[in-house]
Amino acid sequence: MKMYIVYDSEAGHTEQLARSIARGAERVEGAEVFINHVNKANVKDLEDMDAIIWGCPGHFGTISSGLKEWIDKLGYLWANGKLIDKVGAVFCTTATIHGGSEATLLNLITPMLHQGMMIVGLPANIPENALYGSYYGVGVTSPVEDTHDALSQSLFAKGLALGEALGARVAKAATIYAAGKTTQGSN
Ligand SMILES: Cc1cc2nc3c(=O)[nH]c(=O)nc-3n(C[C@H](O)[C@H](O)[C@H](O)COP(=O)(O)O)c2cc1C
């Protein structure tokens, strides 16, 4: 099972979340995880993947321009149906708790649906998710480093735990789906 994680990040919070997703995915047997900043990620690599997870800082409730510009390069893959049935999931960070994280997650999911991808979220039986998380992916409030605010630090730590849970869940789902495709002989 091959997974590609693509992230946009200026100050490193979204990168930390992306890396937590990679850690979770790598715990699943047989998972091969590729992770890249959007400036280095090549859209041509997506065709070979079983799972694709992308994320960014929330910019006014939607996708950052850096990631959106990259997503807009997926036209050839869309036109040729190359991402149909890939397993997908999304993540983001925002500066404040009600700063538009779920709006950003939904906006990140939309282009995946247009590509024909199968979206995986996070259920409520994951302990951190029941009280803090989201069903749409992982949306995390960035910690306020300069004040060392204990609440925001602990929420960010919970967010990284959710990132690991999302990575593992997507890796398991994609592994099961890939095995089913092999058995049924479809592609
Ligand atoms: C143009 C711009 C718009 C932003 N809009 C919001 C916003 O609407 N709500 C919010 O909570 N944070 C907003 N932020 C803050 C970032 O989402 C937040 O600091 C994020 O965690 C940065 O991620 P990074 O450390 O990976 O760069 C905005 C930042 C920028 C640069």
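The values are calculated or read from the model by the stated rules, or taken from the named source; none is laboratory data. Bear in mind the structure is a predicted one, so any value in this text is a computation, not a measurement. Cβ sites come from the backbone with ideal geometry, for glycine too, and all protein chains shown count toward neighbours.
Filter the stretch 16-36 down to the residues that are within 15 Å of the ligand (Cβ to nearest atom) and in contact with a Phe, Trp or Tyr (Cβ under 6 Å, 6 or more places away or on another chain), then identify the one that is nearest to Met49 (Cα to Cα).
Applying the filter and picking the extreme gives Ala18.
Which pairs have Cβ atoms under 7 Å, sit 6 or more apart or on different chains, and link a residue in the stretch 3-26 that is in contact (Cβ under 8 Å) with a residue 12 or more places away in the chain to one that is within 14 Å of the ligand (Cβ to nearest atom) and of a type in the set (S, T, N, Q)?
Within 7 Å, the pairs are Tyr7/Thr14; Asp8/Thr14; Asp8/Ser64; His13/Thr93; His13/Ser142; Thr14/Thr93; Glu15/Ser9; Leu17/Thr93.
Yes/no matrix, rows are residues, columns are (1) closer than 27 Å to Gly116 by Cβ; (2) modelled with pLDDT of 95 or more; (3) of a type in the set (Lys, Arg); (4) more than 13 Å from the chain's Cα centre (by Cα):
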{"position": "Ala130", "(1), (2), (3), (4)": "no, no, no, yes"}
{"position": "Ser142", "(1), (2), (3), (4)": "no, no, no, yes"}
{"position": "His148", "(1), (2), (3), (4)": "no, no, no, yes"}
{"position": "Phe156", "(1), (2), (3), (4)": "no, no, no, yes"}
{"position": "Gly159", "(1), (2), (3), (4)": "no, no, no, no"}
{"position": "Glu164", "(1), (2), (3), (4)": "no, yes, no, no"}
{"position": "Ala171", "(1), (2), (3), (4)": "yes, yes, no, no"}
{"position": "Thr175", "(1), (2), (3), (4)": "yes, yes, no, yes"}
{"position": "Gln184", "(1), (2), (3), (4)": "yes, no, no, yes"}
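Suppose we filter the stretch 116-128 for residues that are under 17 Å from the mean Cα position of the chain (by Cα) and more than 20 Å from Ala18 (Cβ to Cβ); how many remain?
Result for the stretch 116-128: 3.
May I ask you to verify whether Ala157 is out of contact with any Asp or Glu (no Cβ under 6 Å at 6 or more places or on another chain), free of Cβ contacts under 8 Å to residues at least 60 places away in the same chain and away from the ligand (no atom under 16 Å from the Cβ)? Steps first, please.
Working: out of contact with any Asp or Glu (no Cβ under 6 Å at 6 or more places or on another chain): yes; free of Cβ contacts under 8 Å to residues at least 60 places away in the same chain: yes; away from the ligand (no atom under 16 Å from the Cβ): no.
Spelling it out, it is not the case that Ala157 is out of contact with any Asp or Glu (no Cβ under 6 Å at 6 or more places or on another chain), free of Cβ contacts under 8 Å to residues at least 60 places away in the same chain and away from the ligand (no atom under 16 Å from the Cβ).
Can you find, within the stretch 55-81, the residue that is farthest from the ligand (Cβ to nearest atom) among those that are in contact (Cβ under 8 Å) with a residue 24 or more places away in the chain and in a loop (DSSP other than H, G, I, E, B)?
Filtering the stretch 55-81 for residues that are in contact (Cβ under 8 Å) with a residue 24 or more places away in the chain and in a loop (DSSP other than H, G, I, E, B), the one farthest from the ligand (Cβ to nearest atom) comes out as Gly81.
For Gly121, indicate whether it is in a loop (DSSP other than H, G, I, E, B), closer than 24 Å to Leu46 by Cβ and in contact with a strand residue (DSSP E or B) (Cβ under 7 Å, 6 or more places away or on another chain). Walk me through it before giving the result.
Values: in a loop (DSSP other than H, G, I, E, B): yes; closer than 24 Å to Leu46 by Cβ: yes; in contact with a strand residue (DSSP E or B) (Cβ under 7 Å, 6 or more places away or on another chain): yes.
Taking the combined requirement at face value, the residue satisfies it.
Say we look at the stretch 82-111 and pick out the residues that are more than 12 Å from the chain's Cα centre (by Cα) and more than 13 Å from the ligand (Cβ to nearest atom); which of these is nearest to Tyr136 (Cα to Cα)?
That would be Thr110.
Right, Met3: touching a helix residue (DSSP H, G or I) at 6+ places or on another chain (Cβ under 8 Å), more than 9 Å from the ligand (Cβ to nearest atom), at negative phi and at pLDDT 95 or above or not? Show your work before the answer.
Working: touching a helix residue (DSSP H, G or I) at 6+ places or on another chain (Cβ under 8 Å): yes; more than 9 Å from the ligand (Cβ to nearest atom): yes; at negative phi: yes; at pLDDT 95 or above: yes.
Considered against the rule, which asks whether it is touching a helix residue (DSSP H, G or I) at 6+ places or on another chain (Cβ under 8 Å), more than 9 Å from the ligand (Cβ to nearest atom), at negative phi and at pLDDT 95 or above, Met3 comes out as yes.
Identify all residues within the stretch 23-33 that are buried (at least 16 other Cβ atoms within 10 Å of the Cβ) and either in a strand (DSSP E or B) or at pLDDT below 95 (or both); write none if there are none.
Correct list: Val33 only.
Among (1) within 16 Å of the ligand (Cβ to nearest atom); (2) touching a residue at least 24 places away in the same chain (Cβ under 8 Å), where does Thr147 come up short?
Just one mismatch for Thr147, condition (2).
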